[in-house]
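Undergrad: Pasting in a structure now, in structure tokens, and then I'll have a few things to ask.
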Amino acid sequence: MAAPDMKEIPDLTGIWVLNRKLSTDPDDVFVLQGVPWVVRKVLRHARLSLQIRQTTSISAEKSTYMGGNSKESSVSADNSNSVTSLRITQTVNPGGFDSEGTYSVDGSQQDHSLPIFGDIQMQLKFIDISDIVEDSVRQILEVASLSDKVIQELAHNSSKGWDAEVIWGFEELDRKRYLTRNISTTKGEKKITAKMVYDGPN
């Protein structure tokens, strides 16, 4: 099922289920990231879903003021000191590799421990498509993306020695709209890219 039309970056709120037919087989990425074989076998057949609750808070001194008839009295959220947070619950059924965490989309470094990947340092922020690091991903989204803004997730696992750029956005695939995560993972001289496509809420 395609994502509903009202969903647009930067709003990811909803329950998203991995569409395996449209997604790349992520096994090569998991191998590069050092995910054990038994875990990869479970992930290959499990139902993967993301429940995301997005909130944005605006500091008092920068909050929007709508007063009088002056156009200058309105301060847009893009220009305010706003902080967006994603509360993400990942469910792996069957598997027992569920995880839950809150991620700030403000470019700050955050430390998270995930059942599948271990301890990871992460940074998330909104960027323009032109600022995507991975050339192949940027070229894809320049054509298929349905918005100018995407979420860039930079992840680093120091113990296993890999880095990843994950781009969250909406794309048109087969004339339908889907939430996608384009992943570029590097370890040493190796680089692997993959696309995860998610069906949206009813």
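The values are calculated or read from the model by the stated rules, or taken from the named source; none is laboratory data. Remember, predicted model here, so these are calculated numbers, not experimental data. Here the Cβ positions follow ideal geometry from the backbone for every residue, glycine too, while neighbour counts run over all protein chains shown. Just so you know, the surface numbers come from the protein's heavy atoms only, side chains and all, with ligands and any DNA or RNA stripped out. Shrake-Rupley method; radii C 1.70, N 1.55, O 1.52, S 1.80 Å.
Undergrad: Obtain the radius of gyration and the Kirkwood radius of region 84-172 from its C-alpha atoms and give Rg over Rh.
TA: The Rg/Rh ratio comes out at 0.99.
Undergrad: Peptides 174-187, 98-111, 153-166, 41-54: what's the order by average Cβ count within 10 Å, highest mean first?
TA: The most tightly packed comes first, giving 174-187, 153-166, 41-54, 98-111.
Undergrad: Suppose all protein chains stay in the model; what accessible area per residue would a 1.4 Å probe give for region 110-185, in Å²?
TA: Accessible area per residue, region 110-185: 46 Å².
Undergrad: Can you tell me the relative contact order of region 116-202? Whole percent, Cα pairs under 8 Å, sequence separation 6 or more.
TA: 22 percent
Undergrad: What's the ranking of 188-199, 125-136 by average number of surrounding C-beta atoms within 10 Å, highest first?
TA: 188-199, 125-136
Undergrad: In nm, to one decimal, how far is the GLN139 label point from the ILE127 one, both placed 7 Å along Cα→Cβ?
TA: 1.8 nm
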